[in-house]
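Novice: Provided herewith is a single structure, encoded as structure tokens, for subsequent inquiry.
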Amino acid sequence: MELTINQAKKWIILWTDYVKNNVELLNEIDTAIGDGDHGTNLNRGTQATKKALEEEDPQTMPLVFRTVALTLVSTIGGASGALYGTAFLTMARLVKDGETRLEVLLVEATKAMKKRGKSDVGMKTLIDLWDPASKAFAEHKLTKEYINDCVEKTKNMKAKKGRSSYLRERSIGHVDPVAKSSSYLYIALLEVID
Ligand code: ADP
Ligand code: MG
Ligand code: MG
């Protein structure tokens, strides 16, 4: 399926609202196995993105995704800033080259993040949300329940990448913070195309 430009903007803005309403929760989750600032950082990034979309009002799809990517990269910081930036920049490039199928964009964004982070499923990262969720979306099987299950599944994983990997066994028992914040992006998407 393809998103209209307005749907794409709505999608991202809905995500920013989810993040804003869950800043404390995301910080708490990141405190358990990380440095505790993912909610604050991501909220700063998504609020700046919302402002950029409203003020710059990009009129083409590549520009929408590019605006999101560049704003997130320059305002979030941390591993997640680079990874979310990679995801949206990949989507911007593909759309510019004529690939507008959302299924393909999400799957390719996931591949690009795996490459960027030298990571794959099972390492307790946002990939454990993006990989199964993008594939389920492509198969028209994505539901909110499935999205939340994917987040829950990261709980029993041992972190292999990023700061939380230093905790080794002690990273087990908590969900990954960026899998959680990514879940809002996919939930927002389901709501926008509903
Ligand atoms: P930091 O704690 O370094 O400030 P963030 O809190 O922004 O970074 O992001 C940490 C998250 O980034 C992790 O929870 C994980 O989901 C993801 N992550 C970290 N390193 C990698 C990697 N190499 N590949 C994929 N995801 C990663
Ligand atoms: Mg962190
Ligand atoms: Mg941090």
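The values are calculated or read from the model by the stated rules, or taken from the named source; none is laboratory data. No experiment lies behind these values; they were computed from the predicted model shown. Every residue, glycine among them, receives a Cβ derived from its backbone with ideal geometry; neighbour counts consider all protein chains shown.
Novice: Please enumerate the residues belonging to the stretch 74-96 that are over 17 Å from LEU129 (Cβ atoms) and away from ligand 2 (no atom under 16 Å from the Cβ).
Specialist: Across the stretch 74-96, the qualifying residues are SER74, LEU89, ALA92, ARG93, LEU94, VAL95, LYS96.
Novice: Oh, and also: It is to be established whether one or more residues within the stretch 83-92 are at positive phi and free of Cβ contacts under 8 Å to residues at least 40 places away in the same chain. Spell out the reasoning first.
Specialist: Of all residues in the stretch 83-92, those at positive phi come to none.
No: the stretch 83-92 contains no residue that is at positive phi and free of Cβ contacts under 8 Å to residues at least 40 places away in the same chain.
Novice: Which residue out of GLU24, GLU54 is within 16 Å of ligand 3 (Cβ to nearest atom), modelled with pLDDT of 95 or more and more than 18 Å from LEU83 (Cα to Cα)?
Specialist: Working: GLU54 fails: within 16 Å of ligand 3 (Cβ to nearest atom).
Checking each option against the conditions leaves just GLU24.
Novice: Please find, within the stretch 18-32, the residue that is nearest to TYR186 (Cα to Cα) out of those that are touching a helix residue (DSSP H, G or I) at 6+ places or on another chain (Cβ under 7 Å) and away from ligand 1 (no atom under 16 Å from the Cβ).
Specialist: Selected residue: TYR18.
Novice: Looking at the stretch 166-194, which of the residues that are charged (D, E, K, R) and crowded, with 20+ Cβ neighbours inside 10 Å is farthest from the chain's Cα centre (by Cα)? Reasoning before the result, please.
Specialist: Step one: of the stretch 166-194, the residues charged (D, E, K, R) are 168-170, 176, 180, 191, 194.
Imposing the further condition that a residue be crowded, with 20+ Cβ neighbours inside 10 Å reduces the set to 176, 180.
Details: ASP176: 12, LYS180: 9 Å.
Here the residue is ASP176.
Novice: Separate question: Has the stretch 125-135 got at least one residue that is more than 25 Å from GLN47 (Cα to Cα), touching a residue at least 60 places away in the same chain (Cβ under 8 Å) and surrounded by fewer than 20 Cβ atoms within 10 Å (Cβ to Cβ)?
Specialist: No, because not a single residue in the stretch 125-135 is more than 25 Å from GLN47 (Cα to Cα), touching a residue at least 60 places away in the same chain (Cβ under 8 Å) and surrounded by fewer than 20 Cβ atoms within 10 Å (Cβ to Cβ).
Novice: Determine whether the stretch 69-80 contains at least one residue that is away from ligand 3 (no atom under 16 Å from the Cβ) and among the β-branched types (Val, Ile, Thr). It would help to see each step written out before you state the result.
Specialist: Filtering the stretch 69-80 down to residues away from ligand 3 (no atom under 16 Å from the Cβ) leaves 69-71.
Now restrict to residues that are among the β-branched types (Val, Ile, Thr): 71.
The answer is yes, given that some residue of the stretch 69-80 is away from ligand 3 (no atom under 16 Å from the Cβ) and among the β-branched types (Val, Ile, Thr).
Novice: Among THR154, THR110, which is the only one that is in contact (Cβ under 8 Å) with a residue 12 or more places away in the chain and within 16 Å of ligand 2 (Cβ to nearest atom)?
Specialist: When all the criteria are applied, what remains is THR154.
Yes/no per residue for (1) within 16 Å of ligand 1 (Cβ to nearest atom); (2) under 21 Å from SER134 (Cβ atoms):
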residue	(1), (2)
LYS9	no, yes
THR16	no, yes
GLY34	yes, no
LEU42	yes, yes
LYS50	no, no
LEU53	no, no
MET61	no, yes
PHE65	no, yes
THR71	yes, no
